[in-house]
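The values are calculated or read from the model by the stated rules, or taken from the named source; none is laboratory data. Just so it is clear, the model here is predicted, and its values are computed rather than measured. Note that each Cβ is placed from the backbone with ideal geometry, even for glycine, and that neighbours are counted across all protein chains shown. Note: accessible area is taken over every heavy atom of the protein model, side chains too, but ligands, DNA and RNA are not part of it. Shrake-Rupley method; radii C 1.70, N 1.55, O 1.52, S 1.80 Å.
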Amino acid sequence: MSDSVISVKGLIKKYGAISAVNGISFSVKQGEIYGLLGPNGAGKTTTLECLEGLRRIDGGNIIVAGCNPQKDKKKIRNIMGVQLQSSSLPDGILVSEAMALVCAWHETKYRSDLLECFGIEGMVKKKYHQLSTGQQRRLHLALALVCNPSVVVLDEPTAGLDVEGRAQLHNEIRKLKKQNVTMLLATHDMAEAEGLCDQISIVIKGTVAVTGTPFEVTAASKRDTRIAIRTGRNSLSSNCKIEGATFFKEKDCYSIWTCSDSALAIGALMQRVKEANDFVIDLRVERPSLEESFLELVSGGEMK
Ligand SMILES: Nc1ncnc2c1ncn2[C@@H]1O[C@H](COP(=O)(O)OP(=O)(O)OP(=O)(O)O)[C@@H](O)[C@H]1O
């Protein structure tokens, strides 16, 4: 039996002649955070909307916690929390009214505990448009949790937030993970995906281009690992022949080398430093970032 809480197989969604999603498949285990990354128009939001049961699908199948969101709409409503987009609430609605509305929809008591949990209990008499972007995002996350969902869907949860607001929301997402909540998030923020997600898929033109842990995706990049070394006597120069490392450039007192096996390259570089009676001031290993891997894919480059 599959241990996936979310299973998407061969999902197809068209808008007239436009193929927004063209055979996407992925699965998410309980308590995992799964990230969908991709350029504008790749099909991320459409995929989330199909999962939420808001869009009729044209092919494939979706199962969330044993339910088919296309058919079991009432059941899915109590399993899945959806962090709505900022534009989804009317400007003039009070925070208390928004909470009451969502609680009524879920046929549950008013959840002031969630407003407290997200630090917006003092804002119940404020209108939605009077909240800051960060407060709006926290309200949306609180509303998504009204039904104590086992699955939460987040569409660009931290877009437009400042550094502190982003860090706060990331902490809330991590707390949900500790409670074993399964999360699917669409994001443009590579650092967010790298820091939060257990697994990611990069979606391009409605299909999954690459999938894996953020580490696996960056490891598949064509760009080699770089080793930057600063030594006391500058014994490492472009003339040095080092086994397993290729000289790349000098930058800011560092000699930078590329390699595919960092352990081998570092060993050989250290040996050379020792032979030259030199000493190391600093050594940094720079793996390709998720952003570099993403740009490589989006610009049409193949991964390894
Ligand atoms: N309601 C709609 N009617 C027609 N076409 C749509 C509709 N919604 C989305 N599309 C089209 O479907 C494709 C996928 O859009 P979608 O919003 O799913 O992408 P996305 O990856 O979420 O993009 P973004 O990162 O910009 O939010 C795009 O070509 C878009 O123009």
> Using the Karplus equation 6.51 cos²θ - 1.76 cosθ + 1.60 (θ = phi - 60°), what ³J(HN,Hα) coupling, rounded to whole Hz, does each residue of the range 11-19 give in order, writing x for Gly and Pro?
Replying inline: 5, 10, 9, 10, 10, x, 7, 8, 8
> How many percent of all Cα-Cα pairs in the chain sit more than 30 Å apart?
Replying inline: 45 percent
> Say each of Thr213 and Ala276 gets a label point 7 Å from the Cα, pointing the same way as Cα to Cβ; how far apart are those two points in nm?
Replying inline: 3.5 nm
>> Per residue of the range 171-181, what does 6.51 cos²θ - 1.76 cosθ + 1.60 with θ = phi - 60° give for ³J(HN,Hα)? Whole Hz please, x for Gly and Pro, Karplus curve as stated.
In response: 4, 5, 5, 5, 5, 5, 4, 4, 7, 6, 6
> In the neighborhood of Asp282, defined by Cβ-to-Cβ distances under 15 Å, what is the net charge if each Lys or Arg adds +1 and each Asp or Glu adds -1?
Replying inline: +1
> For the chain, modelled as a GNM with alpha-carbon contacts under 10 angstrom, which of Ala144, Ala219, Ala228 fluctuates the most?
Replying inline: Ala228
> Going by accessible area, probe 1.4 Å, with all protein chains left in place, what is the ranking of Thr108, Thr211, Thr47, largest first?
Replying inline: Thr211, Thr108, Thr47
> Gaussian network model of the chain, Cα springs within a sub-10 Å range: biggest mean-square fluctuation belongs to which of Lys177, Lys71, Lys274?
Replying inline: Lys274
> Which of the GluC sites (Glu not before Pro) across the range 72-165 are loop residues per DSSP, with 10 or fewer other Cβ within 10 Å?
Replying inline: Glu107
> Leaving out ligands, DNA and RNA but keeping every protein chain, what accessible area does Tyr15 have, in Å² rounded to the nearest 10, with a 1.4 Å probe?
Replying inline: 80 Å²
>> Applying a 10 Å radius around every beta-carbon, put 238-249, 255-266 in order of their mean neighbour count, most first.
In response: 255-266, 238-249
> With each pseudo-label sitting 7 Å past Cα toward Cβ, what's the His106-Asn239 distance in nm, one decimal?
Replying inline: 7.0 nm
>> Over the range 113-197, what is the relative contact order in percent, taking alpha-carbon pairs closer than 8 angstrom and at least six residues apart?
In response: 29 percent
> If you add up the charges near Asp91, with Lys and Arg at +1 and Asp and Glu at -1, over every other residue whose beta carbon is less than 13 angstrom from its beta carbon, what do you get?
Replying inline: +1
> In percent, how large is the relative contact order of the chain, given Cα pairs closer than 8 Å and 6 or more residues apart?
Replying inline: 19 percent
>> At 1.4 Å probe size, with the rest of the protein present, what percent of the exposed accessible area of the range 200-304 is carbon and sulfur atoms?
In response: 50 percent
